[in-house]
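Readers should treat all values here as calculations from the given coordinates under stated rules, not as data from a laboratory. Predicted model, so just to flag it, every value in this text is computed and none were measured. No Cβ is skipped: glycine too gets one built from the backbone with ideal geometry, and neighbour counts run over all protein chains shown.
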Amino acid sequence: PGPATVVVVPADNVELIPDNESMSGLIRQQVAPKLELPERQQDPLFYRGEAAKAIFAADFRVHTQSIVVDITSRLNLRKQGGSVEQKLVYTITHEPADYVTIRVPRDLAQSGQLEIQHDGKTLSSVVLPEDAEQPDAAGPVRMRVALPGASIGLCELVVRYPVPLQKLAAGEHVVLTVPLVMPGEGELSGNRLCVMAEPDIQVEPCRGPWSVSQSDTLQTAQQNGLRLAAERPVNQVKLAVRLTDGRRRHGATVVERAWVQTWLTHSARQDRAVFLLESDRKELALIIPSGAAGGQVQILLDGKRVAAKPAEDGSLLIPLSNDTSRRRHLLELRSHFPGQRPRPGHLSIEIPRLGENVWVSRMYWQLILPQNEHLLATPDGFTSEFTWGWDGYSWGRKPLLEQSHLETWTGAPSRTPVPKATNRYLFSSLGNVVRCELRTANRSWIVLGASGAALVAGLLLIYVPLSRHPAALFIAGIGLLCVGLLYPEPALLIAQAASLGLALAVIAGLLHHGVVRRRRETAVGEPPGSVLEEGSTETQYEPPMVGSQASTETAPTAPAAPALSPPDSNS
């Protein structure tokens, strides 16, 4: 048979680690063939079969279902009543889920006002039988929510319900208990709550599991917003509510989703920022990094280009719609930096952002670097959003979301995608981020430093016997283990870059071993009588060969023996 294309498609709950040493007749392919393959969370493995009997070998591991839930809740308080909107983002891995379980306060579950949606479609939910049989029991009940189909990956549920608010008198304090929906299974990765109220309603937190995040209030013109967070699932929040007489002039702004893309090439930089926000202000302040040319900044509001006017503090004021019924907006910024970009090393990058009086619910920062430039570690204040995996023949970081996914997540229009021949990094954060401190390095310097250190360490082991002492090896191993635990990302990157130096050290060790072995064999196999006797000054002559036809004219003549003296007559 001729060459064949071999595609290995593991199931979502199967982890395959190829064993290259045990394989035969298969060559790993970089370019994926045009084949219709089932969708999986993992990338398939492509090979080219060159032999009639090819063998694929890999370590095989089966994982159970894993669910991680991130909760973002928002409470809107008005004099006529309040409302709650919660977003439960499920990350389902290894095995799909047909349903999820949520924990709902009993009064809310029995009110019939709970609405659960997925992609704009209402989902059905029922109380589990064991909880329904105990109507008088205290505590929340568990409800099963049927998903539209078997879901794996990201699955977002939106929960909405009203909150009754009693009539308040000016200056009166009321403790308001707001029910909250929490997941019934899985690991909780985040639990945040944003409280927004009308200008004449003042809100203060009460003691409990909820803690104030970053600041006591949202420092907006209506200084009654709260940012709260809890480390565990909590089915209610208690707030102290007070009605005031004063009114503020400005409104509040909350950014539900933000995505900032910073693209650094060898000689330039360009930014793209997208904000999905809700605001009742008349204008919004936008702060762009210093160095962006004014004529090369493009601002789009709800898909239309708008002209911004400069403010006294250096920011740009963007006019919002005069229609009070329209509070949700999509703001997009595109800017270009004509100056020379900072050289690889320590980089301090200022990113586009809205004014300081804005709360950002969730933000993604996408950093794009040239192919030969790598990020050493995650910047402070950010959470890594990538996994480690094989990309061809190299082991590297693969972002969980690419540009197309982020455009869909924010609702931004599709633009020209980022080239594949780049290094892309994705991070997430909460709140308004002003500046990012990071450190990068060129691939050649990383390989030179890591391989040089590995080669020096290998030569020390070969030529310095003291370095091979068990105590020295134990101390070195403990040091490498501590470095790997404290700095896992740089350790993995440097370990891969040190492979060249490690290979050279192995070759040097083999050569050293071969030279030493030859010297030993030569010393042992040399005969003891092979050394010529010394001290004799007589010249040795070979006897003439019998039957030699050599001419006497050309043959050398042996020197005459010295004459013997006659014997003494007296002796």
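Computed over region 1-126, the convex hull of the alpha-carbon atoms projects to a mean area of 12.3 nm².
Could you please report the charge total around V234, scoring K, R as +1 and D, E as -1 over all other residues with beta-carbon less than 14 angstrom from its beta-carbon? Surrounding charge for V234 is +4. Summing Lys and Arg as +1 and Asp and Glu as -1 over all other residues whose Cβ lies under 13 Å from the Cβ of K121 gives a net charge of -3. Peptides 364-377, 298-311 ranked from most to least packed give 364-377, 298-311, packing being the mean of other C-beta atoms within 10 angstrom over each peptide's residues. Checking the Cα-Cα distances for K87/K238; K304/K420; K121/K304; K34/K398; K79/K238; K79/K304 against a 24 Å cut-off, the pairs over it are K304/K420; K121/K304; K79/K304. Between V306 and L502, residue separation times 0.36 nm minus the direct Cα-Cα distance comes to 64.8 nm. Distance between the pseudo-spin-label points of R468 and S124 (7 Å out from Cα toward the beta carbon): 7.4 nm. Among residues other than P338 with Cβ under 15 Å from its Cβ, the summed charge is +2 (Lys and Arg +1, Asp and Glu -1).
Net length available on complete extension from E187 to Y487 is 105.5 nm, with 0.36 nm assigned per residue and the Cα-Cα distance removed. Measuring r between the beta carbons of A229 and V7 and using R0 = 45 Å, the FRET efficiency lands at 0.50.
Taken one residue at a time, the phi angles of region 435-447 give Karplus couplings (6.51, -1.76, 1.60, θ = phi - 60°) of 9, 10, 9, 8, 9, 10, 7, 5, 4, 4, 5, 5, 5 Hz. Gly and Pro are set to x.
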